[in-house]
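See structure below.
Rule-based calculations on the coordinates, nothing more; no lab input. Just so we're clear, the structure is a prediction, and the values are computed from it rather than from any experiment. Because the Cβ atoms are built from the backbone with ideal geometry, glycine has one as well, and the counts that use them run over all protein chains shown.
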Amino acid sequence: QWKGFPSLSGDGKGQRSGFASSGGESEKERLKADIREKQKEVAQKETQLEDLTVQFLSLLQLLRRNDSTSTETVNQHRIYLPFVLVSTDSDNTIECDISGDKQRAQFNFRNPFELHDDRETLNMMGMFRTDPDALKELLPAHLVSFIKQRRSDVVEEDFKEEGV
């Protein structure tokens, strides 16, 4: 014979205690806190997915750009990975020492400077921007709708391939 729902307070007696009791209320609050925590985790994962998708699009666009350069100007217009850009004032004095095996370089700056990695630089260049048809070609359908919702600057209706 069925005796009812187990207790939410965990006393093991098999008697149901409703949400009106103090044990039920604390359990309800704990579950609500768990839901809020999981929602934060989902939001963080969505942000990570957005960043990785934009980075992926940038790299694919860079590959397209590098493939479209003619063989005559390969070394002049191709962008090779990885790279780091150094930004500083034009009047800054920079000393550069490169090891004999060209595996290490040491820079000494007299004034402040900024370093930008390849991911950041490609993002600043807008390499992630593409037209709607290319976006559908580059990404799976569920990522296309996701990135369109999250980033309105990815899809450009008047995108020109030459501008990349």
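Please list, by residue number, everything in the range 107-130 whose backbone N is under 11 Å from a paramagnetic label point 7 Å out along Cα→Cβ of ASP91. It comes to no residues whatsoever. The chymotrypsin sites (Phe, Trp or Tyr not before Pro) found in the range 33-116 that occupy coil by DSSP, while having at most 10 further C-beta atoms within 10 Å, are TYR80.
Computed from the C-beta positions of GLU156 and TYR80, the FRET efficiency with R₀ = 35 Å rounds to 0.85. Judged by the mean number of other Cβ atoms found within 10 Å, the most tightly packed of the peptides 137-149, 119-131 leads the ranking 119-131, 137-149.
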